[in-house]
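Notes to accompany the following structure.
The values are calculated or read from the model by the stated rules, or taken from the named source; none is laboratory data. Note that the coordinates shown come from a computational prediction; the quantities given were computed from them, not determined experimentally. Here Cβ is always computed from backbone atoms with ideal geometry, including for glycine, and neighbour counts include all displayed protein chains. Each accessible area value is taken on the protein alone, full model and side chains, heavy atoms only, with ligands, DNA and RNA left out. Shrake-Rupley method; radii C 1.70, N 1.55, O 1.52, S 1.80 Å.
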Amino acid sequence: MTEITSPDVELRVLVYSHDAATRSRVMSALGTRPHPDLPRLHYTEVATAPVVIEHMDAGGIGLAILDGEAAPTGGLGLAKQLRDELDHTPPILVLIGRADDRWLADWSRADASVPHPIDPLRLRDTVTSLLAPS
């Protein structure tokens, strides 16, 4: 049995936003190893909703981070679609426009949300709580 902290273990993280700067901020905030108890992160950057669905259908994604402010398809609606249409989904974190939009994140059935602008510590803590071994 391989331990989750093995250097050979990687977790694929899908990062969706139409904005390359937002994707970059997410990946920079998390780095390759946000916590010693987690595997190394390998990022799959996606700029369009159809490609998100394609990757999620194919499987192998360990965490999806979806930008609720993405256009033309927002990450909140996309999160809801993924939950409604796929039998199994990894944890989904949505980036919301403001903290008061938490109710939209709840509606989308996302596992967690982090508001814009991205606070690297808050994002790292949220991702760690979603992926921490039970």
For region 40-134, give the percent of accessible area contributed by carbon and sulfur heavy atoms, probe 1.4 Å, rounded to a whole number. 51 percent
Taking the C-alpha atoms of the chain, convex hull volume expressed per residue in Å³: 105 Å³
List the residue ranges in the chain for DSSP H helices whose C-alpha atoms run 24 angstrom or more along the long axis and whose Kyte-Doolittle average is 0.0 or above. none
Rounded to one decimal in nm, the spacing of the 7 Å Cα→Cβ label points at D87 and A21 is 4.3 nm
With the other protein chains left in place, how much accessible area per residue, in square angstrom, belongs to the chain at a 1.4 angstrom probe? 52 Å²
Please give me the summed charge of the neighbours of H88: other residues whose Cβ is under 14 Å from its Cβ, Lys and Arg +1, Asp and Glu -1. -3
Run lengths n ≥ 4 of DSSP H only: what is the helix-derived mean residue ellipticity at 222 nm for the chain, with -39500 (n - 2.57) per run over all residues, to the nearest 500? -11000 deg cm²/dmol
